[in-house]
Structures are given as structure tokens and as C-alpha cells.
Amino acid sequence: MSSTIELRPIGRVQVREADGASEIEVHEQFVDGLEGVDEQEYLWVLYWMHELGPEDRQTLRAHPMGDRDRPKRGVFALHSPMRPNPIGLTRVKLLKRKGNRLHVEGLDARDGSPVLDIKSG
């Protein structure tokens, strides 16, 4: 079994600070995959936390919510961004689709985050 996994982003996050909404721009070669997405009220968005450095990916224990008064726990028991594979997962409300752009609410990804997948939710 290979230990290498190849991921190709299907799009990119664009955060709009003014209204708290975000846009997911889906790359043109994946637009056909959006057919029927308009019928969904919620979507699951998987994205790569691209701003984390290699040292962050080595961290396996952290204080919950960064609270140093609480004992460290394993990252798999936390909602911490520090993890070996920094894949984010957020359930978002779909506000509208406009071509290859999804307007969503509730996405906790940073501007420019590569989107790995979108699933109905």
C-alpha cells in the first residue's frame, strides 16, 4: 500500500469580511460537479488549512481552545487546526450559486484556502 496520497484542489475560498459570507470559486474543470447543488440547503466543505507550517503538523497535543489552564489533549480529540493533515471540515449554509461560485454562510476557512471537496449536507 502506498503512503502517498495525491489531492487536487477543486476550488478556492474567498472570504468577504463585510457580511460574514464566503464564496467558494470552483475551478472550471469541476463545474459539472455542481449540477443539482442548488437543491441543497447545507453543504459540507473540506479544505486545506494552507497557512499552517510544517512545525504545526508535528504538534500532536494541544490545550483545548488554546486555554493553558486546561491540560493538553491529543489533537484527534480536539477541534484544533494543529494536526498531521490539516484538513478542515465545515458545514455551511448555501445562500446561492452563481455559475462556478457558491455563496455560503458559516465557513471557517481562511481566504485563499484550497477546497478539496464539497458534499451535500
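Please treat every number below as a calculation from the coordinates, not as lab data. The structure displayed is predicted, hence computed values, not measured ones. Cβ: placed from backbone, ideal geometry, glycine included. Neighbour counts: every protein chain shown.
The stretch 100-116 and the stretch 5-35 have Cα centres separated by 6 Å. Here's the picture: a label point sits 7 Å out from the Cα of Tyr42 along the beta-carbon direction, and within the stretch 83-121 the residues with their amide nitrogen under 12 Å of it are 90-94, 120-121.
From least to most packed, judged by other beta carbons within 10 angstrom and beginning with the fewest, Ile5, Ile118 follow the order Ile5, Ile118. Springs join every pair of Cα atoms under 10 Å in this Gaussian network model of the chain, and among Pro81, Pro71, Pro54 the largest mean-square fluctuation is at Pro71. Here the chain is assigned +1 on the Cβ of each Lys and Arg and -1 on the Cβ of each Asp and Glu. Its dipole about the Cα centre then comes out at about 520 debye. What is the percent of Cα-Cα separations in the stretch 11-121 that go past 23 Å? Of all Cα-Cα pairs in the stretch 11-121, 35 percent lie more than 23 Å apart.
Suppose R0 equals 30 Å. What FRET efficiency, 1/(1 + (r/R0)^6) with r the Cβ-Cβ distance, do Glu55 and Glu35 give to the nearest 0.05?
The computed FRET efficiency comes out at 0.15.
Under a Gaussian network description of the chain, with springs only between Cα atoms under 10 Å, the residue in Leu95, Leu107, Leu78 that fluctuates furthest is Leu78.
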